[in-house]
1. What percentage of all Cα-Cα pairs in the stretch 9-250 are separated by more than 30 Å?
2. Counting only helical runs of four or more DSSP H residues, what would the 222 nm mean residue ellipticity of the chain come to if each run contributes -39,500 (n - 2.57) and the total is spread over all its residues?
3. Determine the gain in length on full extension of the stretch residue 25-residue 192; use 0.36 nm per residue of separation and subtract their C-alpha separation, reporting nm with one decimal.
4. Between residue 18 and residue 92, what is the spin-label point distance in nm, taking each point 7 Å from the Cα along the Cα→C-beta axis?
5. Under the Kirkwood approximation for Rh and a Cα-based Rg, what ratio Rg/Rh is obtained for the stretch 204-247?
6. Taking the number of other C-beta atoms within 10 Å as the exposure measure, put 202, 111, 25 in order starting with the fewest.
7. For the chain, take the longest principal axis of its alpha carbons; what is the angle in degrees between that and the long axis of helix 222-231, to the nearest 10 within 0 to 90?
8. Helix 128-138 versus the longest principal axis of the chain: what angle, 0 to 90°, nearest 10, using Cα atoms?
């Protein structure tokens, strides 16, 4: 298996236990598992130079931008419904999490879950004008709300299914409270490696990607491989999306304890990731 964890974790875990480390407040983040018929999932490999999870395979996603709370054209479940589903206190926070999912997918994969009406989706985002807008979003020169408004688009929240929520452990330097979503690749749209953080992208059947991880060929963080294992139960994107409303969204967060003189990491509910990481 190729489970990623930072080499500094043992020292940081001990410092936390001694009361010498103050946990960083996690940043809100959203990640999208793009699916296409087959069922294949879109993965990108983070550049080895990245400070967090370099060389690991992941899904398109990133941090919430405070401007993601700005009013946008909206289609699908109400903000109140999303707040309840995501387990957040306000409609503004729910909107920010969903907007971040759609925005980051466009920024990193060139795929846009939006359309001119509540029952339409943009068919092509490959022109130079689209690329200029995408680059402006990445540079934070353009807010997602302004981008949608200028193009007369509504965000299609109904195309997303909330799948899971994981929070980076308290002993990690870079912490994220991440909501994971599933979404089908819209007809006519194509993915492309638009991320400066990735050096490779691939469409893979979940079972094949899991096998690559098990052979030690694909490096992944626990949530990435956990989602892939879950997806092996579904034959189509529609089937996965239909299963999303029943998914448990209680946050998963790693714990650490000393066991037989060794540090043991556990992810509650995910026993396969239990790991002894040092004496």
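Since every read-out is calculated from the coordinates, none of them should be taken as a lab result. For clarity, every value in this text was computed on a predicted model and none was experimentally measured. Every residue, glycine as well, gets a Cβ built from its backbone with ideal geometry; the counts of neighbours run over all protein chains shown.
1. 24 percent
2. On the way: 8 runs with 81 residues, N = 279.
It lands at -8500 deg cm²/dmol.
3. Gain on extension, residue 25 to residue 192, equals 56.9 nm.
4. 4.1 nm
5. Taking Rg over the Kirkwood Rh, I get 1.02.
6. Listing 202, 111, 25 from fewest to most nearby Cβ atoms yields 25, 202, 111.
7. 60 degrees
8. For helix 128-138, the angle is close to 40 degrees.
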